[in-house]
Structure formats: C-alpha cells, structure tokens
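Data block below; observations after.
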Amino acid sequence: MVRSRTNSADRKSPKKGSFKEAGSSNLRRFGQSIKRIVKEVEEKSVVEESRETLVTRHVLFKLAKETLHESFLDVLNSLVTLQNAYLDSKSLKNLLHRYSKLKEIIKSILSKEAKWWSVGNLSPQTRYESIPEYVERSAKYILRITGNPDYNNRIEESLIEKTSKQLSEENSSLVNDLYKLLKKYQALRNIVRNLRTEFKDSKIYPILPRYFLLKDMVKDATHHPDYKEVYHESTVLKD
C-alpha cells in the first residue's frame, strides 16, 4: 500500500494574523475602557442608572431612531411624489385623462401604505407616562414590529470610551429626538390614512363629481400643515 503524502502547503492553516488581530482588538478595547474609567474618576459625577442599563437603552434608542427615520422618509417621499405627480397631471387637457391620472397616483401611495408597518398598536402617550417612558415603550414596539435589525455590536463598541455621564446625556438627547420623530411620523401616517378613507368613500360618486373630490383629496394632503412642516426634509426632487 502506498501512503499518500500531503504537502504542508496543501494543509489548511489558520488565517495569517488572526490571533494577533484578535489580541490587538481586545487590547484596544481594554485601553479604551481604562481611558473611560479615568474620565469618570476625573468627572466625579454620580449617575443613578447602571452602565449596563445606560448602554442597553442607548442601543435601543439608536436603533429605533435609525429605523423610524427610514420609515419617516419613506412616507414623506411618497407624499412628495404624490404632489409632484399631481402637478404634472395639470398639463393633461382631457378631463378624463386627468381623472384617470388622479386615481392612479392616489392608488400608488395607498399600495405603498399597505406595506408600511402598522402604527395601530403604537398607542399615544398616556397621562401617567413620562416622555422617556413613552419613548422607550414606542422604541421597543418599533424594533419588534420591524424585525429588530442586527447591529453587529457597532453601537456598543462606539460607547466603550464614553463615561456614564456622557451616555446619560446622549440618551436624554436621543429621547427628545425620538419623541419629535414619533410625532412627525404619526402625523404623516394620519394624512395618508385619511386619504385612504376619503378615496374609498368617493367610489360611490359618478366620474365628474368624483374627479373634483379626488383633486381636493390630493390638495388637502399636500397642503396639510403637518406635511408642509417637514416637506423640506424629503430626499426626492420637488417640482
């Protein structure tokens, strides 16, 4: 029997520098932790919450803000697109063509709405809830309903050098940002929901009266104060 020989070059070996890189990464984190501890001693500040709680809340608020802002832009951009399409439809001379165009652009945003996550269970703030409590509850719901994205420790790693005082201050800032964003997002969703209700109710009317109803619907949506307030934040081109 002939034994086969395996060349050392053919053998699988661990990636070059993998242990060194892991050790370097751990050393870097250790150094960052030491810097943070030194800062906390120098600050001589007392924070009531534990660092673990502060980090957990920071990650929650950060992820919820990223997710909510993406959803907010999706709704806002859809409304701006509706407005642009409505302005373009004015160039159509034939009333029937304009009527068909109005139906098409309204149906377009309503089909998008069907894919947006539900705000039905995102209940309003109760009188017994503080703003931080309301925001934390809403943030947990948002991440649960949208799938709680994988952040690969990127947020936690960015916090290693931050002191507990810094985390507490940043969390307060995130709570304020999320609270404002929640209000803006819910306001836009209400505009689209009202549009859906009015569009459905208009189906009983003949073409001519319904044409004017559809026209008023789009104008009401795109002239709504809550939409006008955030119009400039859209990332699509405006006509």
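Return the carbon/sulfur percentage of the accessible area of the stretch 93-239, one whole number, probe 1.4 Å, all protein chains in place.
Of all accessible area on the stretch 93-239, carbon and sulfur atoms account for 51 percent.
Beyond 19 Å, how much of the Cα-Cα pair distribution for the stretch 186-239 remains, as a whole percent?
I get 35 percent for the Cα pairs in the stretch 186-239 exceeding 19 Å.
Send over a whole-number figure in Å² for the accessible area per residue of the stretch 164-239, probe 1.4 Å.
57
Given a 1.4 Å probe and the protein chains all in place, what does the accessible area of residue 196 round to, in Å² to the nearest 10?
Counting only protein heavy atoms, the figure is 100 Å².
Can you work out the base-10 log of I(q)/I(0) for the stretch 103-239 at q = 0.11, 0.16 1/Å, using the Debye formula on its C-alpha atoms alone?
-0.59, -1.02
Compute, for residue 51, the solvent-accessible surface of its heavy atoms (probe 1.4 Å) with the complete set of protein chains present, and express it in square angstrom to the nearest 10.
Counting only protein heavy atoms, the figure is 60 Å².
Can you pull the accessible area of residue 224 for me, 1.4 Å probe, Å² to the nearest 10?
About 60 Å², ignoring ligands and nucleic acids.
The values are calculated or read from the model by the stated rules, or taken from the named source; none is laboratory data. The structure displayed is predicted, hence computed values, not measured ones. SASA here: full protein model, heavy atoms, side chains in, ligands and nucleic acids out. Shrake-Rupley method; radii C 1.70, N 1.55, O 1.52, S 1.80 Å.
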